[in-house]
1. Report the relative contact order of segment 21-124, percent, no decimals, based on alpha-carbon pairs under 8 angstrom and at least 6 residues apart.
2. When only the heavy atoms of the protein chains count and the probe is 1.4 Å, how do Trp114, Trp36 rank by accessible area, highest first?
3. Percent of alpha carbon pairs in the chain separated by more than 17 Å?
4. Once the whole set of protein chains is in place, how much accessible area is left on Glu89, using a 1.4 Å probe, in Å² to the nearest 10?
5. Stretch Lys76-Phe63 to full length: gain in nm at 0.36 nm per residue minus the Cα-Cα span?
6. Can you tell me which of Ser110, Ser71, Ser56 moves the most in a GNM of the chain? Springs connect C-alpha atoms under 10 Å apart.
7. Can you tell me the relative contact order of segment 1-70? Whole percent, Cα pairs under 8 Å, sequence separation 6 or more.
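The values are calculated or read from the model by the stated rules, or taken from the named source; none is laboratory data. From a predicted model like this one, the values you see are computed outputs, not experimental measurements. In case anyone asks, the SASA skips ligands and DNA or RNA and just uses the protein heavy atoms, side chains included. Shrake-Rupley method; radii C 1.70, N 1.55, O 1.52, S 1.80 Å.
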Amino acid sequence: QAQLVESGGGLVQPGDSLKLSCRTPARTVMWYNMAWFRQAPGKEREFVAAISRTGSPTYNVDFVKGRFTISKDDRKSMVFLQMNSLIPEDTAIYYCAAAQPGSPAVELRSYTTWGQGTQVTVSS
């Protein structure tokens, strides 16, 4: 029922930064949990970060390691992912997704609405 549109990806060098944006229908981020997932070619889609409708964040600390920050703007109905100190292993298509509150934030199956993704390529 919600249409999500990601933007902000691109080709960057290791150590650079990118800020991804996810545009959502009005009020979506106030009533759903939002998340970023990523998927590299031949790999499974993996959890990056999530933010609840109340603003509580969850991160995949295995690779985020303080480099990424998820945030949202309720007025604009947008979700963001600030990515710093990018490394080649961050290369993937990044997807925005929405889930019903109360479902496990880190589980792929929790998310019922997905954007089309934005490509992030980190290469020297």
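1. 31 percent
2. Details: Trp114 65, Trp36 0 Å².
So the residues, ranked largest to smallest area, are Trp114, Trp36.
3. 50 percent
4. About 130 Å², rounded to the nearest 10.
5. Residue separation times 0.36 nm, minus the Cα-Cα distance, leaves 1.8 nm.
6. Fluctuation is largest for Ser56.
7. 21 percent
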